[in-house]
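Working notes, structure below.
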Amino acid sequence: MSETKLEEMVNIGPTIAGKLRNIGIETPDELRRRGSVKTYRQLQSATSNRLPICYHLLSLEGAIRKTDWRDLPETVRDRLLKEANPKP
């Protein structure tokens with residue numbers, strides 16, 4: 001079954017769903033198209049506070065993959081962290 005609402009995705013509750021809508025993501029398909037790293041960067045730009053990586057970046061990737069963020073392989077986590085926080 002395909003999700004139709006953000007809140008139906010694994011790892012996505014009302015708080016993250018509201019933040020996603022604030023940056024123009026209304027559906028699970030829009031999140032999948034945008035991807036976790038780009039979405040995380042946009043969420044980070046929309047706030048003055050540093051966002052927790054596990055609560056946002058890893059949750060978004062887990063939602064896209066339909067898995068709990070804690071179950072993401074370490075290699076995936078490492079890649080996402082590098083992509084989201086590139087060194088100059």
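Taking springs between alpha-carbon atoms closer than 10 angstrom, which of 45, 59, 36 fluctuates most in the Gaussian network model of the chain?
Most flexible of the set in this elastic network: 45.
Sort 39, 15 by Cβ crowding within 10 Å, fewest neighbours at the top.
15, 39
Going by how many other Cβ atoms sit within 10 Å of their own, how do 37, 10 line up, fewest first?
10, 37
Where in the chain lies the longest segment free of trypsin sites (Lys or Arg not before Pro) that are both loop residues by DSSP (not H, G, I, E, B) and have at most 16 other Cβ atoms within 10 Å?
6-49
With the contact rule set at Cα under 8 Å and sequence spacing of 6 or more, what percent relative contact order holds for the chain?
31 percent
Tell me which GluC sites (Glu not before Pro) from the range 24-88 have a DSSP coil assignment and no more than 15 other beta carbons within 10 Å of their own.
Sites meeting the loop and neighbour criteria: 26.
Which of 40, 55 comes first, and how do the rest follow, when ranked by fewest Cβ neighbours within 10 Å?
55, 40
Counting pairwise Cα distances across the range 6-84, what percent come out greater than 20 angstrom?
Across the range 6-84, Cα pairs with separations above 20 Å total 20 percent.
Readers should treat all values here as calculations from the given coordinates under stated rules, not as data from a laboratory. This structure is a prediction, so every number in the text was calculated from the model and none was measured. All Cβ positions, even for glycine, are placed from backbone atoms using ideal geometry, and neighbour counts span all protein chains on display.
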